[in-house]
Amino acid sequence: MIDLASQYEIVSDEAGFRALETEWNALWDRAQGRYYQAFTVCQLAWQHVGKPLGRRLRCIVGRRDGRVVVIWPLVTYRKWLWNYVLPLSPDAGDYTSVLVEEGPGASTLVAGAWEVARRRCGADFLQMPYLRETQDLYRIASRERRTLLATRHDAWVAKLRSEGEWEPFCQSLGTLFRKKPGTFARRLSKEGDVRVQMTDPSDRTSNTRFVDWLLEHKREWGERVDKMESWITSPHYRDFLVDLLTPHDGEPMARMIVVTLDDEPVAALITSIGNPCAHAIIGAFDARHGKASPGSIAVEQGVRWSFDHRWDLDFGVGSEPFKSYWCRGKASQVWTLHLINSRWGHAAILLKRTLRQFFRNTNEPELQHTDNNPDCAKTSLT
């Protein structure tokens, strides 16, 4: 039996949240946490996204012998008469996972954090995006009986740490769009002067300008392929990215790679620092130069940067060809789960279904059978 009261606490005030920074950073280092689990990233997600949207902080902290061994930052929000719990994040497609100290008791710690989220956060619904299939959290959450939504996605991680030299690695990959790494830049150079740069974290003005450019072209891409997400147009997410790249104190948690043609940007990619796995956070390109694949140049430079630092590179979920290419076609599976967590939440779903059926029956035109055989009946509108 897990002693929830003695091992876990829920930090719900900003002062208590900030006070965790030193212990949080120490756990993140020990556990080799992902970028989105870092204190700096979570604090920025709260400052720029969670708090402005009116959400409430619910950060689960577990201790063993006084030392922090598990942290799971969550937020809650209210919609109509129901409370929802979801991970603290910039709402831009990050994974859901618990930062936990590795060891024989890790599974028990994760299970304890899950029970605290279920029992003590006042949730009618739990929204868990992108749970890795191999993680304890997914195995625990997927056993819940009242599942409202379960969607599987492919996720892609380029395993770079085990590779030797860059050139042999590239040669072993084959081709992307019938091109080898390095050829995309040469192709674009036929149109003008091509340069690739990494922005300076101390130059806030330049980073802000490039973030605005990136999001503008990401929106254009979303409209073209019908994949417009709310975060693409969110001023909160824009501010999150700017502070991520140009922190007021400390080192940046991410860097931006910009590809220019005759001093004008044609592609950009934001990539996190690795620990030891980096994340490709967001990228975009100018569709006017799409035939020359400037986006592929930015991605290649992001891979090379991670490669040189001996980091793996996580491309997240999706079906874009470049992800499969750099990951040698090997995807892993992640799940998005929406769970009913209370009788009140269950009542909401029953009410919604009842109303939907009522309006469907009310609006459905009368049907008249034109064949006497009910097994092969045809219908026509009267």
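We did not get these values from a lab; they are worked out from the coordinates using the rules stated. Worth saying up front: this structure is predicted, and the values here are computed from it rather than measured. Note that we place each Cβ from the backbone using ideal geometry, even for glycine, and neighbour counts take in every protein chain shown.
Remarks
- Around the amide H of Val69, modelled in the peptide plane, lie the amide H atoms of Gly62, Arg63, Arg64, all under 5 Å away and 5 or more residues distant in sequence or on another chain.
- Under the Karplus curve 6.51 cos²θ - 1.76 cosθ + 1.60, θ = phi - 60°, whole-Hz ³J(HN,Hα) for segment 33-40, x wherever Gly or Pro sits: x, 6, 3, 6, 9, 5, 4, 4
- Scanning the chain for DSSP H helices at least 18 Å long along the axis (C-alpha atoms) with a Kyte-Doolittle mean no lower than 0.0 picks out nothing.
- Förster radius 22 Å - calculated FRET efficiency between Glu167 and Glu191, Cβ distance, rounded to 0.05: 0.25
- Look at Arg288, Arg58, Arg30 and count the other Cβ atoms within 10 Å of each Cβ; fewest to most, that gives Arg288, Arg30, Arg58.
- 3J(HN,Hα) couplings calculated from phi for segment 174-186 with the Karplus curve 6.51 cos²θ - 1.76 cosθ + 1.60 (θ = phi - 60°) are, in sequence order, x, 10, 10, 6, 6, 10, 8, x, x, 7, 5, 5, 5 Hz; Gly and Pro show x.
- 222 nm mean residue ellipticity, helices alone, for the chain (DSSP H n ≥ 4; -39,500 (n - 2.57); rounded to 500): -10500 deg cm²/dmol
- Between His346 and Ala111, the simple label model (points 7 Å from Cα in the Cβ direction) yields a spacing of 2.3 nm.
- Less than 5 angstrom separates the built amide H of Val75 from those of Arg58, Leu86, Leu88, all sequence-distant by 5 or more or on a different chain.
- Couplings for segment 41-55, taken from phi via the Karplus curve 6.51 cos²θ - 1.76 cosθ + 1.60 with θ = phi - 60°, read 5, 5, 5, 5, 5, 5, 5, 9, 10, x, 5, x, 7, x, 7 Hz in order; Gly and Pro are left as x.
- Each of Met198, Met256 was scored by other Cβ atoms within 10 Å of its Cβ. Arranged with the fewest first, they read Met198, Met256.
- Taking Leu176, Leu74 and counting other C-beta atoms within 10 Å, the order from fewest to most: Leu176, Leu74
- Potential extension, Asp65-Leu355 segment - 0.36 nm per residue separation minus Cα distance: 99.2 nm
- Top positive-direction residue, dipole computed over the chain with Cβ charges, set Leu53, Ala19, Ala278: Leu53
- Dimensionless Rg ratio for segment 54-152, taking C-alpha atoms and the 2.2 N^0.38 Å reference: 1.06
- Contact order for segment 23-85, expressed relative to its length and based on alpha carbon pairs under 8 Å spaced 6+ residues apart, stands at 25 percent.
- Principal axis extents of the Cα atoms in the chain, from largest to smallest and rounded to whole angstrom, are 70, 70, 39.
- Taking the alpha carbon gyration tensor of segment 246-364, multiplying each eigenvalue by 5 and rooting it gives semi-axes of 42, 21, 16 Å, largest first.
- Annotation note: chymotrypsin sites (Phe, Trp or Tyr not before Pro) in segment 59-150 located in DSSP loop regions with a Cβ neighbour count of at most 11 within 10 Å are Trp80.
- Rounded to the nearest whole angstrom, the semi-axes of the ellipsoid equivalent to segment 160-326, taken from the Cα gyration tensor as √(5λ), stand at 23, 20, 16, largest first.
- Taking 0.36 nm per residue of sequence separation and removing the Cα-Cα distance, the Lys227/Asp249 pair yields an extension gain of 4.4 nm.
- Relative to one another, the C-alpha centroids of segment 255-288 and segment 60-97 are positioned 29 Å apart.
- Taking amide H as placed 1.01 Å from N in the peptide plane, Tyr130 has its amide H under 5 Å from the amide H of Trp335, Thr336, Leu337, each at least 5 places away in sequence or on another chain.
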